[in-house]
1. Using a 1.4 Å probe and counting only protein heavy atoms, arrange 97, 217 so the residue with the most accessible area comes first.
2. What aspartates and glutamates could a cross-link reach from residue 136, if we take a straight Cα to Cα line under 13 Å and drop same-chain neighbours fewer than 8 places away?
3. Using the basic label-point model (7 angstrom from Cα toward the beta carbon), what is the residue 65 to residue 78 distance in nanometres?
4. Which of the listed residues, 97, 87, 10, is farthest toward the dipole's positive end in the chain, when Lys, Arg count +1 and Asp, Glu count -1 at the beta-carbon?
5. Could you rank 189, 177, 13 by how accessible they are, 1.4 Å probe, largest area first?
6. Could you give the dipole magnitude of the stretch 38-109 about its Cα centre, charging the beta-carbon of Lys and Arg +1 and that of Asp and Glu -1, in debye to the nearest 20?
7. Check the straight Cα-Cα distances from residue 185 and name the aspartates and glutamates below 19 Å, setting aside those fewer than 8 residues away within the same chain.
8. Going by Cα centres, the stretch 1-69 and the stretch 138-181 are how many Å apart?
Amino acid sequence: MAELIEGVNPTRMELLKLKTKVKLARKGHRLLKEKRDALIVEFFNILEEARGIRRRAERSLADAFIAMILAQSTLGVLKVREVSFAVKETHEVNTVTRSIMGVRVPVLEIEDENRTLMERGYSLSDTNYMVDEAAKKFEEALTAVVELAEVESSIRLLSQEIKVTKRRVNALENIVMPRLDATVKYIRMRLDEMERENFFKLKRIKASQERKEAEATA
């Protein structure tokens, strides 16, 4: 049997309050279950999307490193390293947020996503098209990695919210609602007992009065 709520007096006023709480608990339980189910659907949709993004990011990084190796094969490792030092600072990544079922997830945006040859910062006179191709491939890889970071952050945040929502649903199902129902049942039982006691008391009082009246008129 579920535990009773402590400190509750078996009165009709308390019973009315508890009935209101039961209604609110059931409504909250229904809404939380709907939220949990919707979050799970969103989670698996994004998880499937993430698999494709992860594959693209891995291919993009592989293509970038192959392009770098080809550039090194023509200019030499030291020259390519020297060129890399001349490249301007990395792209800025701005973060905004959007809501998924009330969960704020990040949206990452890269500034200057596609640079021109002149914007990259290295000399064009002592490099070749393979260096340009490697730079382009790494820029593409950066975009893919940032996109992957965005979707994986969303997965992590949704997973956390699903766990919290599940705990709340379970708490309502296994603790709050059973206690409310048990306490309502207890108060109803006590009120019924008190009504029966009062009925018998009134019956005894009435019988006693009738006996006294009968004795007085005898």
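1. So, going from the largest accessible area down, we get 217, 97.
2. Within reach: 63, 112, 113, 119.
3. Placing both labels 7 Å along Cα→Cβ, they lie 2.5 nm apart.
4. Value: 10.
5. 13, 189, 177
6. 140
7. Excluding near neighbours in sequence, the set is 3, 6, 14, 173, 193, 195, 197.
8. 7
The values are calculated or read from the model by the stated rules, or taken from the named source; none is laboratory data. This structure is a prediction, so every number in the text was calculated from the model and none was measured. Counting neighbours? That spans all protein chains shown, and the Cβs are built from the backbone with ideal geometry, glycine included. Surface areas here come from the heavy atoms of the whole protein model, side chains and all, with no ligands, DNA or RNA. Shrake-Rupley method; radii C 1.70, N 1.55, O 1.52, S 1.80 Å.
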